[in-house]
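Structure provided below as structure tokens; questions to follow.
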Amino acid sequence: MFNPLLPDYSTLKNSELEDKINDLAKKYNSAAKFGQGSVCYQISVILDALKEEQRTRQQSLVAKTQSDQNKNLDNLININ
């Protein structure tokens, strides 16, 4: 879900992104424990954006890895 009020998370390093996700997950659990539904909703919106950024990075890494593997296979096939 895109929210124009959230900062651009693509500038974060992977470790920083992971730290933010873990921190917000703890805060979400605390808010849920104390029955703060509106706070939980706001935290979940940010968590969704962070997790989406993480998924996007993982998908691009998988695509790059597959592309690199396909290039290596092209050199193995010789039809002369």
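The values are calculated or read from the model by the stated rules, or taken from the named source; none is laboratory data. Predicted model, so just to flag it, every value in this text is computed and none were measured. As a convention, Cβ positions derive from the backbone with ideal geometry for all residues, glycine included, and neighbour counts pool all protein chains shown.
If I filter region 1-51 down to residues being among the β-branched types (V, I, T) and more than 11 Å from the chain's Cα centre (by Cα), which single residue comes out as surrounded by the most Cβ atoms within 10 Å (Cβ to Cβ)?
Step by step, filter region 1-51, then rank; the result is I43.
Separate question: Might you let me know whether region 10-25 holds any residue that is of a type in the set (V, I, T) and at pLDDT below 95?
Among the residues of region 10-25, at least one is of a type in the set (V, I, T) and at pLDDT below 95, which makes the answer yes.
Considering only region 11-40, how many residues are out of contact with any helix residue (DSSP H, G or I) (no Cβ under 8 Å at 6 or more places or on another chain) and either of a type in the set (V, I, T) or in a helix (DSSP H, G or I) (or both)?
12
Could I ask something else about it? Report every pair of residues separated by at least 6 positions or lying on different chains whose Cβ atoms are under 9 Å apart, first residue within region 47-64 and more than 15 Å from S15 (Cβ to Cβ), second among the acidic types (D, E) and in a helix (DSSP H, G or I).
Pairs that qualify, where the first residue is more than 15 Å from S15 (Cβ to Cβ) and the partner is among the acidic types (D, E) and in a helix (DSSP H, G or I): there are none.
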